[in-house]
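Taking it in order: structure first as structure tokens, then the write-up.
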Amino acid sequence: MINESQIRDMPFADKVELLRILKRVVRKEKSEDKEVVKRAKVLMGYLQESLGWNGINTKSREVHLVWARTMLATQLIDEGYHPAEIGEALGKTHAAVYHYKDKMRDVFDLPEVFSDIIEQWNKFQSTIKKYDIQRRTNSDPVPMGGELPDSDQGQMGEESGQDSPQDNLGDIHQGNR
């Protein structure tokens, strides 16, 4: 264990380096405890299962992995997480998260062009719905009245009575970041 007098005796450059290392270690430990990081890991598992894509959290620029990160960031925003938190959880900047959200807006605005991405999004949403309902029913009591809480956010289709993901994208483009 290092004590204060040992730090005082260090050359200034060593103190700066020590501070830099400590900041990085503390930031990493702090971010690992965040709820968004835990949720991102769960959603990565869902993506890997539903689409068979591994390596989502790498820096790879393979097209399918970029789309996976795009879907993951979009889902986290739709769940109410802040883009800066999402960026930190994914090792990206908040600007990258906004870019991902804009890409998904393009997907939903041009379904005839991006039908394959929409199909993959729907598979991802089905997996989320399946496992989130299982997790909730296995761990949470059923509320009074016998109905489960509504968690169909992000489900596409008018018949569900829920907003489609593209309906939730409007806040980003209207400056409500």
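Considering the stretch 57-91 alone, what residues qualify as being under 18 Å from Lys38 (Cβ atoms), part of a loop (DSSP other than H, G, I, E, B) and modelled with pLDDT under 90?
Of everything in the stretch 57-91, those that are under 18 Å from Lys38 (Cβ atoms), part of a loop (DSSP other than H, G, I, E, B) and modelled with pLDDT under 90 turn out to be Asn57, Gly91.
When the residues of the stretch 64-95 are narrowed to those that are farther than 17 Å from Asn54 by Cα and among the polar types (S, T, N, Q), which ends up surrounded by the fewest Cβ atoms within 10 Å (Cβ to Cβ)?
Thr93
Which one of Asp78, Asp106 is under 16 Å from Met44 (Cα atoms) and of a type in the set (D, E, K, R)?
Asp78
Which residue is surrounded by the fewest Cβ atoms within 10 Å (Cβ to Cβ), if the candidates are limited to the stretch 1-15 and must be of a type in the set (Asp, Glu) and in a helix (DSSP H, G or I)?
Filtering the stretch 1-15 for residues that are of a type in the set (Asp, Glu) and in a helix (DSSP H, G or I), the one surrounded by the fewest Cβ atoms within 10 Å (Cβ to Cβ) comes out as Glu4.
Assuming Leu18 fulfils every condition listed in (1) of a type in the set (A, V, I, L, M); (2) part of a helix (DSSP H, G or I); (3) within 14 Å of the chain's Cα centre (by Cα) apart from one, which condition is it?
With respect to (1) of a type in the set (A, V, I, L, M); (2) part of a helix (DSSP H, G or I); (3) within 14 Å of the chain's Cα centre (by Cα), Leu18 is out only on (3).
The values are calculated or read from the model by the stated rules, or taken from the named source; none is laboratory data. It should be emphasised that the depicted structure is a prediction, and the values quoted were computed from it without experimental measurement. Virtual Cβ from ideal backbone geometry, glycine too; neighbours counted across all protein chains shown.
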